[in-house]
C-alpha cells in the first residue's frame, strides 16, 4: 500500500522556485541530495532550468508519467494542478503548500475543492499543510526537512511537522535509524489509519511510532491499529490530555483532543502502547526495534552497583513487573564464578570491581535460568570498570540469545563509547535504570496484548424491537432522556434485572402501587429535568407505611418544585426496596471518535471523591469485563476482605457486557448510567436500582 | 351581530396569537370579522397615532380595516393613570363603547381581544365581566397550565360570566401536563359546566429566535456561514467547561446557541460537533482559523460580539423569554396548532351562529 508515495518510479515537483530559500527549492534540493535513484522533474512555467535540470512548464509536458507529484504552489493554484495530475494519471500527490483550512473559511473551501478533485481522479493525497515525507530505504526525501535520518526500522508519523524536524535532527545525532517519516498535515485524505495499514505490510518497518493530537477517524484508527499491532508494535504519543492542552490542540488542529479515558481505552483495546513524553516514545521504539519481546514474566537485574539496582527494583515493583526467582542451578553457577561478597539473589550484584568477564559469566548463568525472560544490565563507571569492553562482551552474548536484554550504562563521557557499541550491537541502552524499567513494562504489556484473544461479544437473547420503539417514541417527543419507566423496560429487554416499580401521577395510585409491590418501598422523583435526584432530596427510602408514603409524596414533590420550578414532573416513581449489600455504578458516555465508552466503579464516595473508575470501549466480553472490575483500586472490597463474602462478580460482569451490547446496538444512546447497581453476594445477582438513558437533543 | 371576547386567566397565555389565528380562520370561511382591543398595554406610536403594538400588528397581519384609534381606543399611559387617580374617572369606558359601536356596524361579527386576567381594566370599568355585559358577548378563555394546581381563575370567571363563558382553551401545555389536563382538569371543569374547547401543546419553535435576530440584538458581526442566519435558535448554553463536559452537556440540547469566549477553541469545536445553530463569541476575541473553517464547513454562523459573556446571557434571556408574535412563521404555526387542537367550525357556530 501507498508504494506510490514511498517507492515512486519518478517524481514531479510542481512549484520549484528558482530562488534558493523557498520551500519549493528546498524540496527539490532534498530529493536530489538524498540520492533518490529515479528521475526528479522540476515543474515551473516561468523557469527553463534549475540546477542544470530541465524545467517543464506543466505536468502534461513531462516525458513520462511520474508516480508521485509533490506540490509546492500557492494554495489557490493547487486544485488545478491536481486536475493536471489526474489527467496525466498520477495517483499519489503530496501537497506541502499551506493556506488551507488552517488559514480560515476561504482556505477551508480550497481544501474541500482539492480533496473533491483528488477523489474524482482516484488520487491519494498527503497533506496539505505538511512537511512532506521521507523513506530512507528508497533514499527519498520528499520534504523540506533538512536532515535525512539514518536508515533503520522505525516508521514515524507526526501530526506536528515542527516536532518532526526536531526529531529528525535529533535522530541523526543519536544515530537513531528511521525507515520512514511522514508529516500528516491537515489530513484531508491520508490519515494515521492509512499509514498504519501501509506500514503493517512493509517489511522494512519493525516499529511504528506516532505523534498525534487527535485521530481523524476513530473507527478507522481502531480497525487499522487492531490489525497492525498483531504484527508489529505501535507506540503513540497522544497530547492534549490536560484541559489547557486540549484547548491548544483544538486551535492547532481544528479538532477536539478527545477524552483521555477514551484514548486510553482505545489504545488498550488495540494494543497500541502509549508514551507520555517524546523521550519515552523513542526509548520504547529503540527497544522494540532492537530486541525481541520478553516471552513471559520474570526479569533479572544484573548490576555492578547496589544503589541503581535498588532504584530499578523499586521501579519494577511500581510498574507491576515481577523480578524472577532464580533456580538453584543458577545460584550454584553464580556462586561458582562470583566473589563471595556478591549478592546472588535477584538483583544480582557482581560488585564495583566487576570486570567484563564477570558480567559475561553472570549473564551466561542468568540466560540459562528458565524463570528469566528479560535481563536488565546496569553498569556504573567505577575505578575498575571497563565500560567499552563490557559493552563489546555484552553485544557478543546478546547476539546469541533470544532473551530480551536491555542496558542502563549510567554516567557521561566515560560510558559514551560503550553506549555506541551497545547500540551497534542492537542492545537498547538508557542513561538511567527507571527508563529501562519503563521500557520493560511496556514490552511486557504488549506481549500480554498479543496473547489476549480478540474480543468476542457474546450473543444473548435480547428484545431490540422494544428498545427501538421506546427510543423512537422518546425522539418523537423530543426527549433528551428516556423516561425512567422506559429505561427500566429497556434494561429488562436486555436481560438486566430491575426492581419492580411504577410511576404514580397521583397519591391514590402511589398508594395502590405501594400496596401491590409491598412495603417497604422507595419513592423517587420522576422528571427528565432532574438528573441528580438525591442532591435535591428527591428520593425517600425505606417507606414502611401509607402515611410515610403520603408524607414522602408531599415532601419530594415540594422539594422538586422549589429546586426546579420549571422542571417537568412525570410523577413519583414507587419502587421495590432492594436489600443489596454493595453499590457499584456502570456508566456509558459515547465518545465522539471511538463510540461508547463504558465506565465501572464503586458507587457513592468512591466514584465522586476518589474517582476510582475504569474504562473500556464497547463491546465487551466476559473476560474483558472481569478485567475491568479487577482494575479498580477498591477491588478488594468486592472480592471479599476482612471476612466479608465476595460480591457476585459474574453478575456485575454480565451487566457490563449486556450494557455494552445495548449501547453498541443503539448508537442513539449517547449516555447511560446505572447508579447504583445493587450487588449481592456471589450467586445472588445484581439489580439496576436506577437507570438513566440519554439520547441527546433532537432537532 | 355576534361578539366573541378572547381573554386569558394570566398574562402571556398566548391570547394575541389565538386572536390572530381565529381572525384568519374566519376570513378563510368568508366571515367578515372585525377586530377590537378595548384596552392596550403595549403603547406604541404608529403614523402619529398612539396605539397598542400587538393590536397594530394583528390588524395589519389579519388585513383588518379601520383606524387604529378605533381598533384600540384606550392605551395604557402615564397620563391615563394620573388622570384616573386624580379625578377618579376617565372617559375610557365611553371611548370604548363608541369605538366598538362604530366598528361593529361595519362587520358581521366581532372578535375582541379582552383583558389578560380577570381583574385587568377593572378601575376603568373595562374588566372582562363588564365588557362581556356591555358587548353582549361570549367569552373564550385562554389558560396555561404550568403545574398541577386548582382552576381558581376559571371557576371565578364562570361565576361572573355564567353562560357567556363559551369555553376554555388550554394553551402551550407541556407534554408532561397533558395527562393531568385531560384526565383531571377537563372532567372537573365539565362537571362545573365549563366546556374545554381544546388543548394546545407547547412548541419550542414558538419561543425561538432566528440567528439574525440574535445578531441584531447583540450587535454582533457574523464571521461564518452567513447564508444560515434565518435558522432558528430555541435555547442557549454557556460554554466555560472543559471539552469533555462541554460535549456531554451540549449533546443534551438541540437547536441551541452556544455563548463562549473566542479563545475557547475546544468549547467551540464541541458545540460544532453537537446540534448547535450558532456560536456567540464574546469579548471581541476572534476564533482560531481552523475552527472558523470548520464552522463554515458545517454551516454554523459564528457571531463575534464586543460584550462580555454575562451581558450576552442577559440579552439572550430577554430574547428567548417570551413568544414574539411579530413573525409570520410563528403566526402560521399558531394557526396550524389552533386548528388542529380545536374544532374551529363548531367554535364558529357556537360563537357566531344564530
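Which one of these does residue A:306 not meet: (1) crowded, with 20+ Cβ neighbours inside 10 Å; (2) modelled with pLDDT under 95? Evaluating residue A:306 over (1) crowded, with 20+ Cβ neighbours inside 10 Å; (2) modelled with pLDDT under 95 leaves (1) as the failure. In summary, residue B:315 fulfils each of the numbered conditions (1) within 14 Å of another protein chain (Cβ to nearest Cβ); (2) under 27 Å from the mean Cα position of the chain (by Cα); (3) touching a residue at least 12 places away in the same chain (Cβ under 8 Å) with the single exception of condition (1).
Restricting attention to the range B:153-180, report how many residues are within 14 Å of chain A (Cβ to nearest Cβ) and in a helix (DSSP H, G or I).
Adding up the residues that qualify gives 6.
Within the range A:608-626, the residues that satisfy the criterion of being within 12 Å of residue A:598 (Cβ to Cβ) and free of Cβ contacts under 8 Å to residues at least 40 places away in the same chain are A:613, A:614, A:625. In the set A:535, A:529, only one residue is in a loop (DSSP other than H, G, I, E, B) and at pLDDT below 90; that residue is A:529. Restricted to the range B:227-245, and to residues there that are within 11 Å of chain A (Cβ to nearest Cβ) and more than 10 Å from residue B:258 (Cα to Cα), the residue that is surrounded by the fewest Cβ atoms within 10 Å (Cβ to Cβ) is B:245.
When residue A:159 is tested against (1) within 14 Å of chain B (Cβ to nearest Cβ); (2) surrounded by 23 or more Cβ atoms within 10 Å (Cβ to Cβ); (3) closer than 30 Å to residue B:222 by Cα, only condition (3) is not met.
Do you know which residues across the range A:116-128 are touching a strand residue (DSSP E or B) at 6+ places or on another chain (Cβ under 7 Å) and either assigned to a helix (DSSP H, G or I) or within 14 Å of chain B (Cβ to nearest Cβ) (or both)?
So in the range A:116-128, the residues touching a strand residue (DSSP E or B) at 6+ places or on another chain (Cβ under 7 Å) come out as A:118, A:123-128.
A:118, A:128, listed by residue number.
Tallying residues that are modelled with pLDDT of 95 or more and at positive phi within the range A:472-526 yields 1. Just so you know, in the range A:670-693 the residues that are assigned to a loop (DSSP other than H, G, I, E, B) and over 19 Å from residue B:245 (Cα atoms) include one that is nearest to the other protein chains (Cβ to nearest Cβ), and it is A:690. The condition (being more than 12 Å from chain A (Cβ to nearest Cβ) and surrounded by 19 or more Cβ atoms within 10 Å (Cβ to Cβ)) is satisfied by just one residue among B:281, B:269, B:292: B:281. Look at (1) more than 14 Å from residue B:223 (Cα to Cα); (2) within 8 Å of another protein chain (Cβ to nearest Cβ); (3) buried (at least 20 other Cβ atoms within 10 Å of the Cβ) and you find that residue B:254 fails only one, number (3). Given the conditions (1) out of contact with any strand residue (DSSP E or B) (no Cβ under 9 Å at 6 or more places or on another chain); (2) not in a loop (DSSP other than H, G, I, E, B), which single one is not true for residue A:263? Failed condition: (1). All conditions but one from (1) without any contact (Cβ under 8 Å) to a residue 60 or more places away in the chain; (2) more than 14 Å from chain B (Cβ to nearest Cβ); (3) crowded, with 23+ Cβ neighbours inside 10 Å apply to residue A:246; the one that does not is (2).
Just one residue in the set A:373, A:358 is within 35 Å of the chain's Cα centre (by Cα) and either assigned by TED's automatic domain parsing to the domain that holds residue A:298 or over 19 Å from residue A:419 (Cβ atoms) (or both); that residue is A:373. Return the residue satisfying two criteria in turn: it lies in the range B:309-338 and is surrounded by fewer than 16 Cβ atoms within 10 Å (Cβ to Cβ) and within 12 Å of residue B:25 (Cα to Cα), and of such residues it is modelled with the highest pLDDT. So, considering only residues that are surrounded by fewer than 16 Cβ atoms within 10 Å (Cβ to Cβ) and within 12 Å of residue B:25 (Cα to Cα), the one modelled with the highest pLDDT is B:336.
Among the residues of the range B:181-226, those identified as within 12 Å of chain A (Cβ to nearest Cβ) and out of contact with any strand residue (DSSP E or B) (no Cβ under 9 Å at 6 or more places or on another chain) are B:183, B:184, B:226.
For the range B:252-279, enumerate the residues that are touching a residue at least 60 places away in the same chain (Cβ under 8 Å) and touching a helix residue (DSSP H, G or I) at 6+ places or on another chain (Cβ under 6 Å).
Taking the range B:252-279 as the starting set, the residues that turn out to be touching a residue at least 60 places away in the same chain (Cβ under 8 Å) are B:277-278.
Passing the criteria: only B:278.
You will find that of A:667, A:619, the residue that is within 23 Å of residue A:471 (Cα to Cα), in a loop (DSSP other than H, G, I, E, B) and more than 14 Å from every other protein chain (Cβ to nearest Cβ) is A:619 and no other. The numbered conditions (1) part of a helix (DSSP H, G or I); (2) in contact with a strand residue (DSSP E or B) (Cβ under 8 Å, 6 or more places away or on another chain); (3) within 14 Å of chain B (Cβ to nearest Cβ) are all true for residue A:258 except (1). Farther than 27 Å from residue B:252 by Cβ and in contact (Cβ under 8 Å) with a residue 60 or more places away in the chain, is that true of residue A:544? Here the answer is no, as residue A:544 does not meet what is asked.
Of A:670, A:655, A:679, all but one fail to be in contact (Cβ under 8 Å) with a residue 40 or more places away in the chain, more than 22 Å from residue A:482 (Cβ to Cβ) and in contact with a helix residue (DSSP H, G or I) (Cβ under 9 Å, 6 or more places away or on another chain); the exception is A:679. One residue alone among B:145, B:120 is in contact with a helix residue (DSSP H, G or I) (Cβ under 6 Å, 6 or more places away or on another chain) and either at pLDDT below 95 or in a loop (DSSP other than H, G, I, E, B) (or both), and that residue is B:145. Among the criteria (1) in a helix (DSSP H, G or I); (2) within 14 Å of chain B (Cβ to nearest Cβ), the one residue A:512 does not fulfil is (2). Report whether or not residue A:631 is surrounded by fewer than 17 Cβ atoms within 10 Å (Cβ to Cβ), in contact with a strand residue (DSSP E or B) (Cβ under 8 Å, 6 or more places away or on another chain) and more than 22 Å from residue A:687 (Cβ to Cβ). For residue A:631, the condition - surrounded by fewer than 17 Cβ atoms within 10 Å (Cβ to Cβ), in contact with a strand residue (DSSP E or B) (Cβ under 8 Å, 6 or more places away or on another chain) and more than 22 Å from residue A:687 (Cβ to Cβ) - is met. Among the conditions (1) crowded, with 20+ Cβ neighbours inside 10 Å; (2) in contact with a helix residue (DSSP H, G or I) (Cβ under 7 Å, 6 or more places away or on another chain); (3) away from chain B (no Cβ under 14 Å), residue A:696 misses just one, which is (3).
The values are calculated or read from the model by the stated rules, or taken from the named source; none is laboratory data. Computed from a predicted model, the values in this text were never measured in an experiment. Backbone-built Cβ (ideal geometry, glycine too); neighbour counts: all protein chains shown.
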